[in-house]
Amino acid sequence: MGALRTPREKWVGAGLQTLASGGVDAVRVEALAKSLGVTKGGFYGYFADRDALLTEMLDAWEREATDDVLERIEHEDADTRARARLAGKLTFSDRLRPIDLAVRDWARRDPAVAERLRRVDNKRMDLLREAIGSSCADPDEIEARSLLAFCLAIGNHFLAADHPGRTRAEVLDRAGRLLLERPTDDPAR
């Protein structure tokens, strides 16, 4: 009986974990094999080379960060804004957030990755436009609020500021409500 090969998904998953923790330069076949406790020979049964693995890693990230999120929120019995909030929580989960940030860093140096990131971000912005557009008719305001909401979701992870008398979660919740909903005293509401 032959030895069982390490499944392709394990290589991709280990690659994504390594990308998140050390950046794209840390994704090396030998290091991944060692972390998986296998020889690197099994890698070449699935992938022609490191670039093929990197492409599959990006495919997996894009699928999980957009397609899987959109499929999940489609089945939610909630209004558009609640679905957008859920999409943000899923997209920037403890698992996906570090991968997303690593892809953003990688995209700064690789035009093909930058194009892929643009495609993913455009899908995310479309969802925000739809959510904000459900309570706002001004296209300029929809675009501005969508941009601010997306910047909040990403930029929040780079800020170390304190919020006197409030928790970060309270401030983020309030900021999200300000961006996704029209103020209660707004006559257009």
Can you pull out every residue in the range 1-57 that is β-branched (Val, Ile, Thr) and in contact with a Lys or Arg (Cβ under 6 Å, 6 or more places away or on another chain)? VAL29
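Considering only the range 41-68, how many residues are among the polar types (S, T, N, Q) and within 20 Å of LEU127 (Cα to Cα)? Step through it out loud before you land on a result.
Within the range 41-68, the first condition is being among the polar types (S, T, N, Q), and the residues that meet it are 55, 66.
With the extra rule that they be within 20 Å of LEU127 (Cα to Cα), the set shrinks to 66.
Summing the residues that are among the polar types (S, T, N, Q) and within 20 Å of LEU127 (Cα to Cα) in the range 41-68 gives 1.
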Can you tell me which residue in the range 100-134 is nearest to PHE158 (Cα to Cα), limited to those that are of a type in the set (Gly, Ala, Ser) and in contact with a Leu (Cβ under 8 Å, 6 or more places away or on another chain)? ALA102
Just checking, does the range 63-73 include any residue being in contact with a Gly (Cβ under 8 Å, 6 or more places away or on another chain), without any contact (Cβ under 8 Å) to a residue 60 or more places away in the chain and part of a helix (DSSP H, G or I)? no
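Can you tell me which residues in the range 105-158 are part of a helix (DSSP H, G or I), among the small types (Gly, Ala, Ser), more than 18 Å from PHE92 (Cα to Cα) and in contact with a helix residue (DSSP H, G or I) (Cβ under 7 Å, 6 or more places away or on another chain)?
ALA114, GLY133
Taken together, the values in this text are just the output of simple stated rules run on the coordinates, not laboratory data. A quick note: this is a predicted structure, and the numbers were derived from the prediction, not measured. Every residue, glycine as well, gets a Cβ built from its backbone with ideal geometry; the counts of neighbours run over all protein chains shown.
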